[in-house]
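A.B. asks: Can you keep this structure in mind? I'll have questions shortly.
The values are calculated or read from the model by the stated rules, or taken from the named source; none is laboratory data. If you're wondering where the values come from, they're calculated on a predicted model, not measured in any experiment. Neighbour counts are summed over all protein chains in view; Cβ atoms, including those assigned to glycine, are modelled from backbone coordinates with ideal geometry.
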Amino acid sequence: MTATKGLEGIVATTSSISSIIDGVLTYRGIDIDELAEHASFEEVAYLLWYGKLPSQSELNGLRKELDAYASVPAEVIEAIRLYPKDTNTMAALRTAVSSLALYDEAAGDMSAEANLKKAIKLQAQLPTVVAAFSRIREGKEPIAPKSGVSIAHNFLYMLNGEEPDEVAVKALDQALVLHADHELNASTFAARVTVATLSDIYSGVTSAIGALKGPLHGGANEAVMVMLEEIGSLDRVESIIQDKLNNKEKIMGFGHRVYKNGDPRAKHLQKMSRELGKLTGNMELYEMSVKIEDIVTGQKGLKPNVDFYSASVYTTLKIARDLFTPIFAISRLSGWTAHILEQYENNRLIRPRAEYTGPSSARYIPINER
Ligand code: ACO
């Protein structure tokens, strides 16, 4: 038995949800470029869960369900008030999602119908939870979700307490589309491993949030912003990035386990970053990002991934740095839950083996002889 470090190149399951073939990402066979141009996040979530694009009435039906489920139990909000105000936002989200299960009578119902309903419910509730935590830590009251608007609109409304402008809603909606699913990424795999024991959907999503939190995965978007803030201005880019490369530090937002010729999502986020920069009259973050890309790609051949330009996009939308990864979670929840439903449909326990590298033929030594 020989281990493959990081399971690189190992095909661990079949899936009909999303594919990465020759550097092209598709959801249910549809190129992400087409979806990014034309689809709303709600259409994409429907596509991931049901395997087809919704008709207008099916989409209206999903929007109504999302509206109906968007409030969270008062007990969950009360518990959030007790979280330390400076706690990590992904830790808060992980805890809150886990606690949602406590107030869902159907949490343990393993029928396909109940699980699909819980997927939609979680999709509706996650933005409410993230916005509530953000407001409570700022000493403000959470704002109840409103009906008849998109998830992107509702999230910005609940976060800021005012109607968002259309450009911000459109940009966030497109970012949600781009992050919705990504084959067997680390957090999706974590979700599938958890539910393959026939544990419930809340446990699967809680595992996924834990995996997404790390800086090698979803946490990279926040880490990119930390780097941009550390650099501070365009004229400092070259020396700081060069120092990092000389010190063999990883440059956050670059490289990918699967894409070696570039992440197809990055160009959309780059375009969005440029357009938002122009619109707000502040191009510095965009220009710093482009300069970093020139240096890192030029010297290391590494291309930006989905997280790199997300940082300047979200900052230009005036979203706090530590909400970037929770926003990633709001979007990826659609993919996680589609994968959880797929795992339940054709389940087998996921239990690989390890190549043993410890001592052999060791003996028990009584404690007084050690
Ligand atoms: N900056 C500098 N060097 C890098 C980077 C980077 N961002 N990424 C990879 N490398 C180098 C490594 O140092 C390594 O070099 P070596 O062979 O000389 O030691 C080589 O490229 C291979 O890198 P690994 O880390 O082994 O590649 P792996 O496939 O395991 O990792 C990963 C992929 C985790 C994404 C990596 O590229 C990385 O750490 N990037 C920065 C974090 C990041 O942006 N994560 C987000 C990924 S996208 C997402 O999850 C949403």
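A.B. asks: From the list Leu198, Leu176, Leu245, Leu276, which residue is on the phi > 0 side of the Ramachandran plot and of a type in the set (A, V, I, L, M)?
C.D. replies: Details: Leu176 fails: on the phi > 0 side of the Ramachandran plot; Leu245 fails: on the phi > 0 side of the Ramachandran plot; Leu276 fails: on the phi > 0 side of the Ramachandran plot.
Criteria check complete, one pass: Leu198.
A.B. asks: Does Glu163 count as more than 24 Å from Val24 (Cβ to Cβ), within 10 Å of the ligand (Cβ to nearest atom) and either out of contact with any Pro (no Cβ under 6 Å at 6 or more places or on another chain) or charged (D, E, K, R) (or both)?
C.D. replies: Here the answer is no, as Glu163 does not meet what is asked.
A.B. asks: When region 257-302 is examined, which residues are found to be surrounded by 18 or more Cβ atoms within 10 Å (Cβ to Cβ), more than 10 Å from the ligand (Cβ to nearest atom) and under 20 Å from the mean Cα position of the chain (by Cα)?
C.D. replies: Hits for region 257-302 are Pro264, His268, Leu269, Gln270, Met272, Ser273.
A.B. asks: Quick one: count up the residues across region 224-251 that are within 11 Å of the ligand (Cβ to nearest atom) and in a helix (DSSP H, G or I). Break it down stepwise before answering.
C.D. replies: From region 224-251, those within 11 Å of the ligand (Cβ to nearest atom) are 224, 227, 241, 244-245, 247-251; that's our starting set.
From the residues that got through so far, the ones that are in a helix (DSSP H, G or I) too are 224, 227, 241, 244-245.
Residues flagged as within 11 Å of the ligand (Cβ to nearest atom) and in a helix (DSSP H, G or I) within region 224-251 amount to 5.
A.B. asks: So which of Arg332, Arg353 ends up being buried (at least 18 other Cβ atoms within 10 Å of the Cβ) and of a type in the set (Lys, Arg)? I'd like the intermediate steps shown before the answer.
C.D. replies: Values: Arg353 fails: buried (at least 18 other Cβ atoms within 10 Å of the Cβ).
After ruling out the rest, the residue left standing is Arg332.
A.B. asks: Go over the candidates Ser187, Ser199 one by one and state the one that is assigned to a helix (DSSP H, G or I) and not basic (Lys, Arg).
C.D. replies: Details: Ser199 fails: assigned to a helix (DSSP H, G or I).
That would be Ser187, the only listed residue that is assigned to a helix (DSSP H, G or I) and not basic (Lys, Arg).
A.B. asks: Go through the residues of region 152-173 one by one and say whether even a single one is touching a Phe, Trp or Tyr at 6+ places or on another chain (Cβ under 6 Å) and within 29 Å of Gly255 (Cβ to Cβ).
C.D. replies: Yes, that holds for at least one residue.
A.B. asks: Has region 140-153 got any residue that is more than 21 Å from the chain's Cα centre (by Cα) and either assigned to a helix (DSSP H, G or I) or under 23 Å from Ala223 (Cβ atoms) (or both)?
C.D. replies: Checked against the condition, which is being more than 21 Å from the chain's Cα centre (by Cα) and either assigned to a helix (DSSP H, G or I) or under 23 Å from Ala223 (Cβ atoms) (or both), region 140-153 yields no hits at all.
A.B. asks: Next question, about the same structure. Just give me the residues in region 144-170 being buried (at least 22 other Cβ atoms within 10 Å of the Cβ) and closer than 21 Å to Val306 by Cβ, in sequence order.
C.D. replies: Selection gives Ile151, Ala152, Phe155, Leu156.
A.B. asks: Is at least one residue of region 212-223 closer than 27 Å to Met110 by Cβ, modelled with pLDDT of 95 or more, within 18 Å of the chain's Cα centre (by Cα) and not in a loop (DSSP other than H, G, I, E, B)?
C.D. replies: Checked region 212-223: at least one residue is closer than 27 Å to Met110 by Cβ, modelled with pLDDT of 95 or more, within 18 Å of the chain's Cα centre (by Cα) and not in a loop (DSSP other than H, G, I, E, B).
A.B. asks: A follow-up question, please. Looking for something farther than 25 Å from Tyr103 by Cα and touching a Pro at 6+ places or on another chain (Cβ under 9 Å) - is there at least one such residue anywhere in region 166-176? If you could, list the steps in order and put the result at the bottom.
C.D. replies: Going residue by residue through region 166-176, those that are farther than 25 Å from Tyr103 by Cα are 166-176.
Okay, now just the ones that are also touching a Pro at 6+ places or on another chain (Cβ under 9 Å), so 172.
Checking region 166-176: at least one residue is farther than 25 Å from Tyr103 by Cα and touching a Pro at 6+ places or on another chain (Cβ under 9 Å).
A.B. asks: Considering only residues that are crowded, with 17+ Cβ neighbours inside 10 Å, in a helix (DSSP H, G or I) and without any contact (Cβ under 8 Å) to a residue 24 or more places away in the chain, which ones fall in region 44-59? First the steps, then the outcome.
C.D. replies: The first filter runs over region 44-59 and keeps only residues crowded, with 17+ Cβ neighbours inside 10 Å, leaving 44-49, 54.
Filter once more, so that each one left must be in a helix (DSSP H, G or I): 44-49.
Answer for region 44-59, where residues must be crowded, with 17+ Cβ neighbours inside 10 Å, in a helix (DSSP H, G or I) and without any contact (Cβ under 8 Å) to a residue 24 or more places away in the chain: Tyr46, Leu47.
A.B. asks: Evaluate the following for Phe254: is it aromatic (Phe, Trp, Tyr), within 16 Å of the ligand (Cβ to nearest atom) and not assigned by TED's automatic domain parsing to the domain that holds Leu35?
C.D. replies: Details: aromatic (Phe, Trp, Tyr): yes; within 16 Å of the ligand (Cβ to nearest atom): yes; not assigned by TED's automatic domain parsing to the domain that holds Leu35: yes.
Criteria met by Phe254.
A.B. asks: Can I ask one more? Name every residue in region 72-124 that is among the aromatic types (Phe, Trp, Tyr) and either within 21 Å of Ile340 (Cβ to Cβ) or surrounded by 21 or more Cβ atoms within 10 Å (Cβ to Cβ) (or both), in order of residue number.
C.D. replies: Step one: of region 72-124, the residues among the aromatic types (Phe, Trp, Tyr) are 83, 103.
Tyr103, the sole residue that qualifies.
A.B. asks: Read through the list (1) more than 30 Å from Ile120 (Cα to Cα); (2) touching a residue at least 12 places away in the same chain (Cβ under 8 Å), then give the number of the only condition that Leu172 fails.
C.D. replies: For Leu172, the exception is condition (1).
A.B. asks: Might you check whether a residue that is touching a residue at least 40 places away in the same chain (Cβ under 8 Å) and within 12 Å of the ligand (Cβ to nearest atom) occurs anywhere in region 193-204? Spell out the reasoning first.
C.D. replies: Within region 193-204, the first condition is being touching a residue at least 40 places away in the same chain (Cβ under 8 Å), and the residues that meet it are 193, 195-198, 200-204.
From what's left, within 12 Å of the ligand (Cβ to nearest atom): none.
No, region 193-204 contains no residue that is touching a residue at least 40 places away in the same chain (Cβ under 8 Å) and within 12 Å of the ligand (Cβ to nearest atom).
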